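Structure, as C-alpha cells:
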Amino acid sequence: MFKTIKNSIPNTITSMNLLSGVVAIIFAFHFNEDICWGLKGFQWSFICIAASALFDFCDGASARLLHAYSALGKELDSLSDLVSFGVAPAMLMLNALLLSTGGCWLSYAALFIPVMGALRLAKFNIDETQKTTFSGLPIPANAIFWIGYVNMIAADGVKFPVWVSVAIIVAVSLMMVVNMRMFSLKFKNFSLRDNWLRFLIIAATVALVAIFGVTGLMWTILLYILLSSGSLFRPSVA
C-alpha cells in the first residue's frame, strides 16, 4: 500500500502540471477580460503556465527522491508538457494575434507551435544523448519565450505587422526541432567553473525582468539560444 502511494506521488504532481496547462488554455480565451485581483485572462494564463513549470520541476525531483520512476510517468510527463508548454502558449499567441489584427487568418499560424512541440518531445523521448545537453530548444523555454512575447503585445502595446509575428512563430517553433546542442539549466553542483553559463542566465533573467518586466523573459530565452549556439561556449555546456 505504501509503495503504491509513493509511486503515485510523481504522477499526481505531473497531473497537476497538466491541469494547470488546461486552465491556462481556458484563460487564454478570456484574453482581455478582467478575471479577479485586477488581472486579465492572459495574465492568469501566464500564472497557470508558471505553475505548470513548477509542477514539472517537482515531479522529476519527487521521482528522484522517492526512486519512483516509471514508463507511465515518462509518457504522462511528455503529454502534460505538450499541453502546458505547447498548446497553452499557442492559444495565448492565437488570441493575442486575433485581437491585435482584427481576426486576420494568419493568426492561426500559432498552431504551428504545438506541432513542433510534439515533435520535439517525441525526439527527446527516444534520444539517449539528451541527458546533460538538449538538441533544440526545450519546450518549457519555448513557453517562457511566448509569455514574454505575448506580454509585449498585450501589456506593453508593441505592435508588429502580422507577418512579422508569423515569421517569429515559425523561427522559434523550428528551434525546438533543430539539431543544435543547447546546455541544460539543471545544476549538478554549484561550482562557478562548471555552471557559469547557468549563473549568467539567472543573473540575466533577474536584470531583464527588472528592466522590461514580464517581457524580459523573451529576451532571456533569446540570450539562452545565443549562448548555446556560439562555439565559444560549447566546451562548458555539458
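Some values worked out for this structure:
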{"item": "Single residue of region 105-141 satisfying the filter (under 25 Å from residue 29 (Cα atoms), open to solvent by less than 10 Å² (accessible area, probe 1.4 Å) and free of Cβ contacts under 8 Å to residues at least 60 places away in the same chain) that is nearest to the chain's Cα centre (by Cα)", "result": "139"}
{"item": "Failed item in (1) touching a helix residue (DSSP H, G or I) at 6+ places or on another chain (Cβ under 9 Å); (2) open to solvent by 50 Å² or more (accessible area, probe 1.4 Å); (3) farther than 22 Å from residue 167 by Cβ; (4) in contact (Cβ under 8 Å) with a residue 40 or more places away in the chain, with residue 99 passing the rest", "result": "(3)"}
{"item": "Test: residue in region 152-164 that is charged (D, E, K, R), over 19 Å from the mean Cα position of the chain (by Cα) and surrounded by fewer than 18 Cβ atoms within 10 Å (Cβ to Cβ)", "result": "yes"}
{"item": "From 65, 99, 94, residue being among the aliphatic types (A, V, I, L, M), within 18 Å of residue 23 (Cβ to Cβ) and either in contact with a strand residue (DSSP E or B) (Cβ under 9 Å, 6 or more places away or on another chain) or in a helix (DSSP H, G or I) (or both)", "result": "94"}
{"item": "Where residue 34 falls short, out of the listed (1) of a type in the set (Asp, Glu); (2) under 18 Å from the mean Cα position of the chain (by Cα); (3) surrounded by fewer than 16 Cβ atoms within 10 Å (Cβ to Cβ)", "result": "(2)"}
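The values are calculated or read from the model by the stated rules, or taken from the named source; none is laboratory data. These figures come from a predicted structure and were not determined experimentally. For neighbour counting, all protein chains shown are included, and Cβ atoms are generated from backbone atoms with ideal geometry for every residue, glycine included. Areas reflect the complete protein model, heavy atoms only, side chains present, ligands, DNA and RNA absent. Shrake-Rupley method; radii C 1.70, N 1.55, O 1.52, S 1.80 Å.
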